[in-house]
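The values are calculated or read from the model by the stated rules, or taken from the named source; none is laboratory data. The structure displayed is predicted, hence computed values, not measured ones. With ideal geometry, Cβ positions are generated from the backbone for all residues, glycine too; neighbour counts draw on all protein chains shown.
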Amino acid sequence: MRVISGLAVLSKYDLFLLDQYGVLHNGEALLPNVAEALEAMAATAKLVVLSNTSKRRHELLAELPKRGFREEWLAGAVCSGEECWRALERAPGTKALVLGWHRSGASYLEGTKFAPDSPEKCDVIVAHGPELLGDTPTGFMDSGDTQPYVDAFETCVRRGVPMYCANPDQVSVNPQGRALFMPGTLADLYRSMGGLVFEFGKPHTPHFRAAIDLVPGAAKVCHVGDSLKHDIAGAHAAGLDSLFVIESGVHAKALKNWRDDPETALANLNSHLGLPSNLRPTYCCATFTY
């Protein structure tokens, strides 16, 4: 693992796969120095956003300019929400129990063969957001309390209903640094109860391959992310080099003293997360800067 001060030293790569939240932006706007870095990188390499957002691809592309992205910087985008939505075409049945967001409810099902239904009648669970169980608010995103889901999950496990998870992240961090619990935690719960879960996005290798396929002929690829479990472990499994961005990401608090001894800090965090103690990114840096 090599500690770097900026991405200028990574000039050998012709394709960068970029996580967005916690690396490029904070959910509202680009982080400091990111615009300048993207401008410089796009002059010599292709840039593809690779995200675990549960949004559809067209929604992701529409919101990026609002956060300060310029269209010419990007060669494309791949997101778990789009991959999950497309997989629903191959899923059994026509009735879905939606775990959703207040802002969108069950609208994620639009364009699929599925309509929203109950735990007693659904053919699949679609884990799209952390705020609603069907139409019922759960408070889970803020509290992390999974109890409101248990009865519904028990019913679905008993009926053999599979879950399709559009965002495998367990936790995100808002611009104020507060933890927000995500659908990946609900997928973990369902799996622990004996349910079958299909997850889309990082750390799964097909997610990385889908992004690489957008740039035929790319010879040297580096993935940039802030999550050891999803970004760094996923890149390693896909056979890719990786850059771990520490101080703006999901592990910022856990690694607040990382500069004192980066190797030990990462080994300890790997142990806490249940990852191999020797898992390392190819590079690490404080923030996304050129």
Can you tell me which residue within region 99-113, out of those that are hydrophobic (A, V, I, L, M, F, W, C) and within 19 Å of the chain's Cα centre (by Cα), is nearest to L133 (Cα to Cα)?
L99
Pairs where the first residue, in region 81-92, is over 11 Å from V126 (Cα atoms) and the second is not hydrophobic (A, V, I, L, M, F, W, C), C-beta under 6 Å, 6+ apart:
E82/R56; E82/R57; P92/D123
State yes or no: is G195 in a loop (DSSP other than H, G, I, E, B) and modelled with pLDDT under 95?
no
Restricting attention to region 235-269, and to residues there that are over 23 Å from L38 (Cα atoms) and under 18 Å from the mean Cα position of the chain (by Cα), which single residue is surrounded by the most Cβ atoms within 10 Å (Cβ to Cβ)?
A238
Of the residues E83, E89, which single one is among the acidic types (D, E) and out of contact with any Phe, Trp or Tyr (no Cβ under 8 Å at 6 or more places or on another chain)?
E89
Looking at region 8-30, which of the residues that are part of a strand (DSSP E or B) and touching a strand residue (DSSP E or B) at 6+ places or on another chain (Cβ under 9 Å) is farthest from L50 (Cα to Cα)?
L15
Would you confirm, using the coordinates I've provided, whether L38 is without any contact (Cβ under 8 Å) to a residue 24 or more places away in the chain, surrounded by 14 or more Cβ atoms within 10 Å (Cβ to Cβ) and not aromatic (F, W, Y)?
no
Of the residues T138, T146, which is touching a helix residue (DSSP H, G or I) at 6+ places or on another chain (Cβ under 9 Å), assigned by TED's automatic domain parsing to the domain that holds N174, surrounded by fewer than 19 Cβ atoms within 10 Å (Cβ to Cβ) and polar (S, T, N, Q)?
T146
Which of the following residues is outside any helix (DSSP H, G or I), touching a strand residue (DSSP E or B) at 6+ places or on another chain (Cβ under 9 Å) and either touching a residue at least 40 places away in the same chain (Cβ under 8 Å) or farther than 26 Å from D213 by Cα (or both): K121, K113?
K121
So, first residue in contact (Cβ under 8 Å) with a residue 24 or more places away in the chain in region 264-275, second residue among the basic types (K, R) and not in a helix (DSSP H, G or I), Cβ within less than 8 Å, six or more apart or across chains; the pairs are L266/R280
With a cut-off of at least 2 residues that are in the same structural domain as A77 (by TED's automatic domain parsing), at pLDDT 95 or above and out of contact with any Leu (no Cβ under 8 Å at 6 or more places or on another chain), name the strands (runs of 3 or more DSSP E) lying wholly within region 200-290.
241-245
Exactly one of L31, L50 is in contact with a helix residue (DSSP H, G or I) (Cβ under 8 Å, 6 or more places away or on another chain) and either surrounded by fewer than 20 Cβ atoms within 10 Å (Cβ to Cβ) or at pLDDT 95 or above (or both), and that residue is L50
